[in-house]
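Structure first, commentary second.
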């Protein structure tokens, strides 16, 4: 699956921010907020996994630490 970039015009961005639909947050910010607010609520369910927000937050943090130990820093491009 190819990843593509999506661009929005300034008017769309302004309207969505004003409506509260978009915030100036990273995915990590959102995940940490949900983990704090509803840590034990299930967020991912499939045949193999059942993860709560708190568990997903811990796994994401572990992955980020692993990348950091490999020398990868915020803003670096990886493929």
- Relative contact order for the chain using alpha-carbon pairs under 8 Å, separation at least 6, rounded to a whole percent? 16 percent
- What percent of all Cα-Cα pairs in the stretch 26-69 falls in each 5 Å bin, counting up from 0? 5, 25, 26, 23, 14, 6, 0
- Message: At 222 nm, what value in deg cm²/dmol follows for the chain if DSSP H runs of at least 4 each add -39500 (n - 2.57) and the sum is divided by all its residues, to the nearest 500?
- Response: -15000 deg cm²/dmol
- Message: So for the stretch 26-69, averaging the separation of alpha carbon pairs under 8 Å that are six or more residues apart and normalising by length, what relative contact order in percent results?
- Response: 31 percent
- Message: For the pair residue 16/residue 72, report the inter-label distance in nm, with labels modelled 7 Å from Cα in the Cβ direction.
- Response: 2.5 nm
- Query: How far apart, in nm, are two points set 7 Å out from the Cα along the Cα-to-Cβ line at residue 2 and at residue 28?
  - Reply: 3.0 nm
- Item | Most to least packed among 31-42, 11-22, 67-78 [average Cβ atoms within 10 Å] | 31-42, 11-22, 67-78
- Item | Folded to 0 to 90 degrees: helix 27-38 orientation relative to the chain principal axis, Cα | 60 degrees
- Message: Under the rule a/c < 1.5 gives rounded, and otherwise a/b versus b/c splits prolate from oblate, where does the stretch 1-47 land using the Cα gyration tensor?
- Response: oblate
- Item | Range of Cα positions in the chain per principal axis (Å), largest first | 41, 33, 26
- Message: Just want the ordering: 28, 57, 46, from fewest to most Cβ atoms lying within 10 Å of their own Cβ.
- Response: 46, 28, 57
- Message: Output the 0 to 90 degree angle, nearest 10, between the alpha-carbon long axis of helix 53-69 and the longest principal axis computed from the alpha carbons of the chain.
- Response: 90 degrees
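Every number here is computed from the coordinates shown, using simple stated rules; none is lab data. Nothing here was measured: the structure is a model prediction, and the numbers come from that model. Cβ sites come from the backbone with ideal geometry, for glycine too, and all protein chains shown count toward neighbours.
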